[in-house]
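Visitor: Here it is, the structure, as structure tokens.
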Amino acid sequence: MQMLASSVLGRLVARASRVLAVALVATVAGAASTGALAQEGHPLKGSWLGTWESNAALGDNILLILDWDGKAITGMINPGTDNIPIAKASLDPKGWMVSLEADAKDKSGASVHYVIQGHIENLELPSRSIVGTWSSPGGKGAFEASRQ
Amino acid sequence: MSGAHGLGRVAARRLALACLAGLFVSAGTAFAHHELAAKFDTSKTTTLAGIVTAVDWRNPHTHVFFNVKDKQGDASNWAIELDNTIVLEKSGWRADTLRAGDALTVRGHPARDGTRQISGDTVTQTATGQKVLFAKDTTPAPPKTPRATPRGPDGHPLLGGPDGYWGYPSSTVLVQNGAAVKMDADGLLANLADAPKVAPFQPWALGVYRHRQERQLRDDPMFLNCKPPGGVRYLQSPLGFQLIEDRVRQRVFVLIGSGNHNYRIVYLDGRKNVGQVRGDDDNPLYYGRGVGKWEGDTLVVETAGFNEDFWFTNGGLPHTNLLSMTERFSRPSFDTLHYEVRIDDPGAYTQPWSASWDLRWVDGQELPVFFCQENRS
């Protein structure tokens, strides 16, 4: 009887977990679709998550935090882990071209210069994207990040 | 046991379906409330004649459905989109002004997406030729004899009154003083090339403004997401606002008729506008944080501490959290409120700029009952 109750309870818990997962996915997707993370100011300001493909040194995933102080775009790549400050950044409204430059350190402590170039897609959305390429002396590849 | 098991499946499905339904609802109401040009092609005008089949009397837009026959005699059902019920009631409409079976001729703009919808600029009863809708909430004529500015015990003008509110702004769009720019009441430019004249934009801000204009303002978060009409936007809304002066607490409550009946507080008790960036940056707000003082007969309010989650004007002028405003409220006569604002946002504009307009006292009335959220149901 106790085993039966335990089995039933286990199934109920498992079902509740699946339902909760569905609800969470729907909620997160719903929030994204309704602009819950609104940002109507400078288009680059915010947190960006994405990939710089084939980056052997730092991995494919990138997290980017960008800010705008009225004169300059500032920010950091992978804050908390790699802590690579943005050294130079620009946004050209003609085509919404984005250029970001940053200097990381490799395992030996040598400086590695990264350049990200792309353009903003879906400018009007809070979840707009930067799509383009990245390059460094050690490699290059596709770049894409979406504002969170 | 099987019953409990079955019940769990049903409950799980229902919950999942409810979540998905919520997702579709949230994604599918993009055009529920909008600027006119965002949905209708205002460069084209269409006239249709037909028979009313139903009236949906509600905010933010009333819809009249009517059957229109083509040359072959086949009927198709069209929707006439009208203004909100507040404007319609001010124009003499009631929910039963039109009934099923009434014959109408409608003149308006067709929907941009080609669906069978038309904006109801003019609605005429076919049989009598009588126009049943004035599409605009027109400003009432001023009194023949101007009334004196009311004053409080301290001699300062009273900015409010026992019964009434401020409405009918002389301008519903924000343009820097001296600029000659043609745009509609929603702030949509007649000529996109005039965009740089509207304000001294930084390049990125001009780009964002042009982008919003090119998309006919359809991304406006006030309409899409019921974001509050912050900044100066509520001051240019036909739905008006009330100024409630609390002289004991030394503050002015601003009750806002548009949005969702939000309010802001202007503090007159001498406190400073604190925070990290030009205001209350620890808790950035839609209406900012305002501190004011009297300079003669003018209430001067320094407002800062805005968030970046909304459009602070009709027409989609961008701003940043560096925005601060110097607002000047004066009441040159009983029926007129004069408002001047100096916009200082070094994050979006190359220099401070100013604009001004008047509002009319709407005597003997409370703020209209309008909730943006009605749009979302």
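Visitor: Taking interchain pairs and intrachain pairs at least six residues apart, which have beta carbon atoms under 7 angstrom, with the first residue in the stretch A:107-118 and modelled with pLDDT of 90 or more and the second of a type in the set (Ser, Thr, Tyr)?
Guide: A:Val112/A:Ser136; A:His113/A:Ser136; A:Tyr114/A:Ser136; A:Val115/A:Ser135; A:Gln117/A:Ser99; A:Gln117/A:Thr133; A:Gly118/A:Thr133
Visitor: Continuing with this model, one more query. Among the residues of the stretch B:185-228, what is the count of those that are within 13 Å of chain A (Cβ to nearest Cβ) and either in a loop (DSSP other than H, G, I, E, B) or open to solvent by 20 Å² or more (accessible area, probe 1.4 Å) (or both)?
Guide: 21
Visitor: (1) touching a residue at least 40 places away in the same chain (Cβ under 8 Å); (2) more than 21 Å from B:Val198 (Cα to Cα); (3) part of a strand (DSSP E or B): which one isn't true of B:Leu367, the others all being true?
Guide: (3)
Visitor: Can you tell me how many residues in the stretch B:322-367 are within 14 Å of another protein chain (Cβ to nearest Cβ) and open to solvent by 30 Å² or more (accessible area, probe 1.4 Å)?
Guide: So the count comes out to 5.
Visitor: Anything in the stretch B:116-132 that is open to solvent by less than 60 Å² (accessible area, probe 1.4 Å) and hydroxyl-bearing (Ser, Thr, Tyr)? List them, or say none.
Guide: Matches in the stretch B:116-132: B:Ser119, B:Thr122, B:Thr124.
Visitor: Go through (1) in contact (Cβ under 8 Å) with a residue 12 or more places away in the chain; (2) within 14 Å of chain A (Cβ to nearest Cβ) for B:Glu245 and report which single condition fails.
Guide: Single failed check for B:Glu245: (2).
Visitor: So, one more: For the condition among the hydrophobic types (A, V, I, L, M, F, W, C), out of contact with any Lys or Arg (no Cβ under 6 Å at 6 or more places or on another chain) and under 17 Å from B:Pro229 (Cβ atoms), what is the one hit in B:Ala205, B:Ala180, B:Ala185, B:Ala199? Spell out the reasoning first.
Guide: Working: B:Ala205 fails: under 17 Å from B:Pro229 (Cβ atoms); B:Ala180 fails: under 17 Å from B:Pro229 (Cβ atoms); B:Ala199 fails: under 17 Å from B:Pro229 (Cβ atoms).
Just a single option satisfies the conditions, and that option is B:Ala185.
Visitor: Looking at (1) surrounded by 13 or more Cβ atoms within 10 Å (Cβ to Cβ); (2) under 30 Å from B:Arg331 (Cα atoms), find the lone condition where B:Arg151 falls short.
Guide: (1)
Visitor: Sticking with this structure for a sec: Among the residues that make up the stretch B:305-315, is at least one of them farther than 18 Å from B:Pro229 by Cβ, in contact with a strand residue (DSSP E or B) (Cβ under 8 Å, 6 or more places away or on another chain), of a type outside the set (Gly, Ala, Ser) and within 14 Å of chain A (Cβ to nearest Cβ)? Can you show your working first?
Guide: Our first condition is that a residue be farther than 18 Å from B:Pro229 by Cβ; within the stretch B:305-315, this holds for none.
For the stretch B:305-315, residues farther than 18 Å from B:Pro229 by Cβ, in contact with a strand residue (DSSP E or B) (Cβ under 8 Å, 6 or more places away or on another chain), of a type outside the set (Gly, Ala, Ser) and within 14 Å of chain A (Cβ to nearest Cβ): absent.
The values are calculated or read from the model by the stated rules, or taken from the named source; none is laboratory data. Model, not experiment: these values are computed from the prediction. So basically every Cβ, Gly included, is an ideal-geometry build from the backbone, and we count neighbours across all protein chains shown. For accessibility, only protein heavy atoms count, side chains too; no ligands or nucleic acids. Shrake-Rupley method; radii C 1.70, N 1.55, O 1.52, S 1.80 Å.
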